[in-house]
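> Before we start, here is the structure in question, set down as structure tokens.
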Amino acid sequence: MRAALALPGDGGPPVIPSYGVTSQCTSHNGLFCWDWVQKNWQSVLLPAFLQHVGLVVMAVAIGFVISLVLAVLTYRRGGWDVPFTALGGLLFAIPAIAAFEVLLPVTGLTTLTVEIVLVSYTLLVLYRSVLLGLRGVDPEVLESAQGMGLTGRQILTRIELPLATPAIIAGLRVATVATVSLATIAAYVIPTGLGDPIFYAMGNGDFNTELVAAGALVILLALALDRALVIFKHYFVAWQSAERRRQSRVFGAGPRALRSGAGG
């Protein structure tokens, strides 16, 4: 449980979370008190940070799986683009707070409520990025693959999805950064994630250090996840180029070797 230190003064001074003796910086509600961060890192900031990461990863992962399935179905069968895009746009247009309030009578004050809202905000971006990536594959490449005797599943997993990866990662970057930001509002429903210390500090008279520290962690998390996706894209493209060179050598060995490699 957090203790609190009330500062004297006019106009409702902040109630500063404390775990014993406080420094002068903390007592005077300085903009950023490093000693408070050190004392409360293990008990307040780190747990909230890990919870935030969990919320984001789960929401983006679930949203990506749903979007991938819907995009592949649309790409293969056609005709479903308009209804799926309209549904994703509708979910994206609903304000997060309103979505939480609508779900509360059904799913209650639970992580499920939070995840439903977070996932719904990823669907439009991820669905469109996967679909655009698949549609951007060169038809001549697909004809060559069919001529090699590859099945539809092999073409999808070995050619279409790898070639669509840059577009997919672009969508993942947008969805991930947006989810990191949106997950902060999850503390409106349950005390979890980095929104919890932010709302706690605001509710106790704007304790500056907790606000700045938690807000900075949100920004750093968004930047770190975005950078991780950029690095993954870089190495994936490099691997893809090496694989193309390898396949070119296989082409030079003749159709029989090519079909053998495709069958493996």
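> Within the range 55-89, track down each residue that is closer than 30 Å to residue 221 by Cα and among the β-branched types (Val, Ile, Thr).
56, 57, 60, 62, 65, 66, 69, 85 - these are the residues of the range 55-89 that are closer than 30 Å to residue 221 by Cα and among the β-branched types (Val, Ile, Thr).
> Another question about this same structure. Select, from 68, 55, 50, the only residue that is surrounded by fewer than 21 Cβ atoms within 10 Å (Cβ to Cβ) and farther than 20 Å from residue 131 by Cα.
Unique residue meeting the criteria: 50.
> I'd like the full set of residues that are exposed (fewer than 12 other Cβ atoms within 10 Å of the Cβ) and either of a type in the set (D, E, K, R) or under 21 Å from residue 58 (Cβ atoms) (or both), limited to the range 121-152.
Scanning the range 121-152 gives 138, 140, 143.
> Further question on the same structure: Filter the range 104-162 down to the residues that are under 23 Å from the mean Cα position of the chain (by Cα) and outside any helix (DSSP H, G or I), then identify the one that is farthest from residue 175 (Cα to Cα).
Once the filter is applied, the top-ranked residue is 109.
> For the range 23-47, what are the residues that are at pLDDT below 70 and crowded, with 18+ Cβ neighbours inside 10 Å?
Residues satisfying the conditions are 26, 29.
> Continuing with this model, one more query. Taking the range 158-191 as the region of interest, how many residues are surrounded by fewer than 19 Cβ atoms within 10 Å (Cβ to Cβ) and among the polar types (S, T, N, Q)?
The number of residues fulfilling the criteria is 2.
> Continuing with the same structure: From the list 193, 215, which residue is outside any helix (DSSP H, G or I), touching a residue at least 12 places away in the same chain (Cβ under 8 Å) and closer than 25 Å to residue 120 by Cβ?
So the residue among 193, 215 that is outside any helix (DSSP H, G or I), touching a residue at least 12 places away in the same chain (Cβ under 8 Å) and closer than 25 Å to residue 120 by Cβ is 193.
> Which pairs turn up if I take residues in the range 104-124 that are in contact (Cβ under 8 Å) with a residue 12 or more places away in the chain and over 22 Å from residue 68 (Cα atoms) and look for partners that are of a type outside the set (Phe, Trp, Tyr) and part of a loop (DSSP other than H, G, I, E, B) with beta carbon separation below 6 Å, at least 6 apart in sequence or on another chain?
From the range 104-124, the pairs are 109/189; 109/190; 113/189.
The values are calculated or read from the model by the stated rules, or taken from the named source; none is laboratory data. Computed from a predicted structure; not experimentally measured. In this analysis, Cβ positions are derived from the backbone assuming ideal geometry, glycine residues included, and neighbour counts consider all displayed protein chains.
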